[in-house]
Amino acid sequence: MTVMAGKSGNIIIQTKNVNASTTVILIKNETGIFGNFSGKLRKVKYMPDEIREKILNKLKMKNCSNCSSELLEDGSYETDVERTYRILGIFPRKKIIIAKVDSETGEIVSIRKPWWGFLAFKSKE
C-alpha cells in the first residue's frame, strides 16, 4: 500500500495499482489503518483493490478501465464505474454507475444505475 499527497490536497491511497482519494485523516499502526471519520476513529478493513473487486463481481464485469474511488467522511468508499449500454439494443450509451461500499464491513450499501436501465442491454466488457 502506498499513500501520497495529491495536487488538490487530497490523500491518494494506492493498493495493487488501484487508487482511491480521500480527505480523511488516516492513521497507521501495528493493528491496521484507522480513519478519522466525522470525529470517530474507525478501522479501514478493506482497501481500494478489494472494494473494486467486490463491485466488479456485483456488476458482473471483468475489468474497469475508467473507474475512480473515493473514501468519504462517513467511512464508505464511493466508486464510479463507467459502463457501455445499448438502448433498445441499437443506440450505444455510456453511463456512470455509482456504488457505495462500507470500508469497515465491505458491504455494498447502494448502487445507483441509470433510470432507463430497463430499456438497455449491457455491452460485453
Using a cut-off of 17 Å between alpha-carbon atoms, which aspartates and glutamates can reach residue 40, once sequence neighbours fewer than 8 places away in the same chain are excluded?
73, 74, 102, 104
Looking only at the stretch 10-44, which residues have a backbone nitrogen under 13 Å from a spot 7 Å from the Cα of residue 53 in the C-beta direction?
15-18
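Any idea of the accessible area per residue across the chain, 1.4 Å probe, to the nearest Å²?
Each residue of the chain exposes 64 Å² on average to a 1.4 Å probe.
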Ignoring any ligand, DNA or RNA, what whole percent of the accessible area of the chain comes from carbon and sulfur when the probe is 1.4 angstrom?
51 percent
Can you work out ³J(HN,Hα) from phi for every residue in the stretch 63-79, in order, using Karplus 6.51 cos²θ - 1.76 cosθ + 1.60 and θ = phi - 60°, giving whole Hz and x for Gly and Pro?
8, 9, 7, 10, 10, 9, 10, 9, 8, 8, 5, 8, x, 10, 8, 10, 10
The chain: angle of helix 48-58 to the longest principal axis, Cα-based, in degrees nearest 10
30 degrees
Name the residues whose placed amide hydrogens come within less than 5 Å of the amide hydrogen of residue 104, ignoring near sequence neighbours (fewer than 5 apart) on the same chain.
45
Of the cross-linked pairs 45/94; 28/60; 16/58, which ones have a Cα-Cα span greater than 30 Å in the structure shown?
45/94; 28/60
Between residue 14 and residue 63, what is 0.36 nm times their sequence separation minus the Cα-Cα distance? Round to one decimal in nm.
15.9 nm
Rounded to whole Hz, the Karplus (6.51, -1.76, 1.60) HN-Hα couplings of the stretch 31-36, x for glycine and proline
8, x, 10, 10, x, 8
With residue 51 itself left out, Lys, Arg at +1 and Asp, Glu at -1 over residues whose Cβ is under 15 Å from its Cβ give -3
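What order, most packed first, do the peptides 39-48, 26-35 have when packing is the mean number of other Cβ atoms within 10 Å of each residue?
By packing density, highest mean first, the sequence is 39-48, 26-35.
How high is the relative contact order of the chain, given as a whole-number percent (alpha carbon pairs under 8 Å, six or more residues apart)? List each step's numbers first, then the result.
Numbers: 239 pairs, mean separation 22.7, N = 125.
Reported as a whole number, the value is 18 percent.
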Structure-derived mean projected area of the Cα convex hull in nm² - corresponding label in (1) 8.4; (2) 6.7; (3) 7.9
(1)
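The values are calculated or read from the model by the stated rules, or taken from the named source; none is laboratory data. If you're wondering where the values come from, they're calculated on a predicted model, not measured in any experiment. Quick reminder, even Gly has a Cβ in these numbers, built from the backbone with ideal geometry, and neighbours come from all protein chains shown. Heads up: the accessible areas ignore ligands, DNA and RNA and are worked out on the full protein's heavy atoms, side chains in. Shrake-Rupley method; radii C 1.70, N 1.55, O 1.52, S 1.80 Å.
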